[in-house]
Amino acid sequence: MNSVRHRGTAHGDAELTPVSIVSDPMVDGLLMQVLITPEGRADPYPLYAQIRAAAPVCRTSFGPLVVSGYADCLAVLRDPRLGRGADGSRGGGLLPSGDGSSSRGEFFERSRHNMLLADPPDHTRLRQLVSRTFTPRRVDELRPAVQALVTQLLDDMAEAGEVEFMSAFALPLPMAVIGELVGVPAEERAVLQPLVRAVAKGIEPILTEEENQAAIAGIEELGGYFGDLLEERRRRPADDLLTGLAEARDRDDRLTDYEVVSTAILLFAAGFETTTNLLGNGLLALLRHPDQLAAWRADPGLGPTAVDELLRWDSPVQLNLRAALEPADLHGEPIEPGQRIIVLQGAANRDGLHFPEPETLDLARADNVPMSFGAGIHYCIGAALARMEADLALTGLLQRFETIELLDDEPEWRASFTLRGLLALPLRVH
Ligand code: HEM
């Protein structure tokens with residue numbers, strides 16, 4: 001059966017070429033290599049290129065469709081008939097090992113009370129609760145405070161000389177920013193971080209039963225913590241998002257306690273888990289492309305396009321999932337309700353039909369809309385905040401240090417795929 005492929009520009013003009021949705025065991029194999037082998041984790045991009053070339057839209061032997069081209073990923077993410085469908089009964093699992101297992105279902109059942117895993121009309125209601133906090137204008141007002149944090153962290157790095165960048169800078173910066181916004185006391189943030197990481201593991205396509213249980217326990221523990229914090233804000237309001245959420249709950253009895261707590265957890269977690277990796281992946285890319293690093297250092301105004309290009313180059317979010325909420329179609333191919341679709345955002349970002357010379361890192365790239373923040377109604381609510389943090393952080397780093405030396409040429413990647421980031425990035429700065 002035929003579907004169509006867009007040969008497009010960033011503005012969306014499209015020349016259509018037919019493609020077929022095929023089943024191809026080779027694509028299954030390539031996908032597995034991306035998901036589970038250390039080589040795939042270290043560099044998934046050659047494997048993505050093979051997947052796109054073999055079948056931009058493919059039906060896997062284990063059920064889900066896989067889309068890897070930019071236009072197809074965009075079409076899926078923007079289609080209102082394709083949503084989260086995280087209603088427990090579908091389990092949320094992706095691969096046979098996770099599929100249908102009750103504890104996997106339990107994770108999604110407990111997670112679906114926030115916007116990320118909700119469908120309209122709940123999604124609309126939950127997103128509206130906080131969307132005003134993250135508008136570009138509100139984010140701009142935070143610039144001086146973020147700049148001050150960047151300067152402080154750079155001072156600490158300068159004093160140390162040798163640092164592990166992820167723990168010395170990439171994690172503390174976004175955690176402090178989102179912690180202040182949400183209203184998590186500074187001294188408690190670091191204690192919550194391992195719990196957030198355990199919960200984040202729950203959205204990975206492949207995980208062990210032990211990791212799944214840890215994710216469920218993490219939700220429970222964070223739920224207790226944020227529930228107490230909300231009570232505290234009711235007694236003593238502050239100028240933060242938690243107070244806003246507590247007040248919204250008191251005003252609107254359509255909101256449940258669980259939704260309010262779940263929203264607070266989502267914002268805190270999403271605010272740093274991904275931005276941390278934008279800083280780590282981005283700096284590693286720069287160190288591996290010294291000409292581009294030098295160009296940015298020579299022209300600090302390059303920040304906004306540079307950040308978009310780093311997002312495209314090595315996205316902190318590689319994979320997204322959708323399920324058909326009703327009968328749908330993908331470029332003419334019928335899709336049954338419940339059909340799951342794997343959206344390979346990281347592959348879309350290197351699609352040569354959309355990006356000229358996709359394998360070239362070009363910090364001045366024009367008309368660059370990476371797929372990294374998703375698209376459609378779930379488009380990342382924190383995109384402006386993440387971009388601003390990364391601009392100030394990386395511009396600051398390049399201006400502050402004359403030399404930034406990588407102490408490990410092949411730093412190790414975290415054993416996760418949806419969220420792509422480094423375990424450690426040891427550096428010497430001068
Ligand atoms: C580089 C950093 C970031 C990346 C790559 C990123 C990526 C994404 C992606 C791909 C989605 C869409 C998920 C989907 O379609 O199902 C998303 C949603 C979301 N992001 Fe981000 N994110 C980043 C930073 C942030 C920050 C700083 C916040 C702070 C609040 C945030 C909060 C959210 C929330 C609340 C959603 C859910 C939106 C919805 O479902 O309507 N993200 N993000």
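Please treat every number below as a calculation from the coordinates, not as lab data. What you are looking at is a predicted structure, and each value in this text was computed from that prediction instead of being measured. All Cβ positions, glycine included, derive from the backbone under ideal geometry; neighbour counts span all protein chains shown.
Counting only whole DSSP H helices of the chain, the ones at least 18 Å long by C-alpha along their axis and with mean Kyte-Doolittle hydropathy no lower than 1.0 are 257-287. Our summary of shape: the Cα atoms of the range 306-420 have principal axis extents of 57, 33, 27 Å, ordered from largest down, in whole angstrom. Give the relative contact order (percent, whole number) for the chain; include only Cα pairs under 8 Å separated by 6+ residues. After rounding, I find 23 percent. This ranking places TRP313, TRP296 by how few other beta-carbon atoms lie within 10 Å of each, fewest first, which gives TRP296, TRP313. Give the relative contact order (percent, whole number) for the range 232-389; include only Cα pairs under 8 Å separated by 6+ residues. Relative contact order, the range 232-389: 20 percent. With neighbour counts taken as other beta-carbon atoms within 10 Å, the residues ILE51, ILE381 rank, fewest first, as ILE381, ILE51. Net charge near GLN33: determine it from the other residues with C-beta under 13 Å of the C-beta of GLN33, scoring Lys and Arg +1 and Asp and Glu -1. My count for the surroundings of GLN33 gives -2.
Distance between the pseudo-spin-label points of GLU39 and ALA148 (7 Å out from Cα toward the beta carbon): 5.1 nm. For the pair ALA364 and ALA424, label points projected 7 Å from Cα toward Cβ lie 3.9 nm apart. Other residues with beta-carbon under 14 Å from the beta-carbon of GLY218 carry, at +1 per Lys or Arg and -1 per Asp or Glu, a net charge of -4. Please give the net charge around SER315, taking every other residue with its beta carbon less than 12 angstrom from that of SER315, where Lys and Arg add +1 and Asp and Glu add -1. Counting the neighbours of SER315, the net charge comes to 0. Placing unit charges on each Cβ (+1 for Lys and Arg, -1 for Asp and Glu) gives the chain a dipole about its Cα centre, and among ALA71, PHE165, GLY346 the Cα reaching farthest toward its positive end belongs to ALA71. A helix-only calculation puts the chain at -16000 deg cm²/dmol for mean residue ellipticity at 222 nm, using -39500 (n - 2.57) for each DSSP H run of at least four residues, averaged over all residues. Under the criterion of Cα pairs below 8 Å and six or more residues apart, the relative contact order for the range 101-228 equals 24 percent.
Identify, among VAL191, GLY227, GLY244, the residue whose Cα sits farthest towards the positive end of the charge dipole of the range 168-275, taking +1 on the Cβ of Lys and Arg and -1 on the Cβ of Asp and Glu, with the dipole about the Cα centre. My answer, from the dipole projection, is GLY244.
For the chain, the C-alpha radius of gyration divided by 2.2 N^0.38 Å, with N the number of residues, is 0.96.
Around the Cα centre of the chain, unit charges on the Cβ atoms of Lys, Arg, Asp and Glu (plus for the first two, minus for the last two) sum to a dipole of about 960 debye.
All alpha carbon pair distances within the range 211-332 were sorted into 10 Å bins beginning at 0; the resulting P(r) in whole percents reads 10, 25, 22, 26, 15, 2. Only Lys, Arg, Asp and Glu carry charge here, each on its Cβ (+1 for the first two, -1 for the last two); on that basis the range 175-233 has a dipole of about 220 debye about its Cα centre.
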